[in-house]
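Right, one structure below, let's go through it.
Every number here is computed from the coordinates shown, using simple stated rules; none is lab data. Just so it is clear, the model here is predicted, and its values are computed rather than measured. A quick note on method: Cβ atoms are made from the backbone with ideal geometry, for glycine too, and the neighbour counts reach across all protein chains shown.
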């Protein structure tokens, strides 16, 4: 099992943040085998920002747009962009969720000036076909932070992991998605001692409910609105 989150009072250099993230993913008990594969293959792009609450830096939006444009269906599976934040420290799950969606809303508002929503996914966060879109590509977003209830989401600082939606479609078309999903669920259950109620099969319900990592209520409404 990986080490518990360090004290939020500690300051981390950008290099230290990336180092901690790599250790977090590489830990034997970390459940997501896709993230491990991306790490081992050097397929993770890192962006560092100061504060999650300040909205996306222009450099981060540009990096994701570039990542989207460079990707094609022959690209290596399990490639991600990880945005690491120096601040804030520990947040409640509700506070992190609010900041996450405020950040994604601001990112979309900036991106929509140049790019249309990925036509292969829905822009309605209530739809089972929803994925967040940047640079014309759909993404499944994974939020991490020190105050997360689930161990696999509990990192020393807030972080957002952008995973290309197309990669999940490729796994499903190749008949590999179910096996990988079951492996992740089994590993996560072993790590936590209980099954994560938010880990639903791909396309079974809106993935927006999973982004923050909080076990959202049945009547939860996503605060995001696409243009």
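Observations on the structure shown:
- Relative contact order computed over the chain (Cα-Cα under 8 Å; 6+ residues apart), in percent: 24 percent
- Rounded, prolate or oblate (a/c below 1.5 giving rounded, otherwise prolate when a/b exceeds b/c) for segment 84-227 by Cα gyration tensor: oblate
- Centroid-to-centroid separation of segment 154-168 and segment 66-139 [C-alpha atoms, Å]: 9 Å
- Taking label points 7 Å from Cα along the Cα-to-Cβ direction, residue 129 and residue 66 give a separation of 3.3 nm.
- Cα gyration tensor category, rounded, prolate or oblate, for segment 37-125 with a/c compared to 1.5: oblate
- Projected label distance in nm at residue 120 and residue 43, using a 7 Å step from Cα toward the beta-carbon: 1.4 nm
- Selected from 19, 108, 165 as most flexible by GNM, with the chain as the system and alpha-carbon contacts under 10 Å: 19
- For segment 137-163, backbone nitrogen atoms closer than 20 Å to the point 7 Å from residue 12 Cα along Cα-to-C-beta are found at 141-163.
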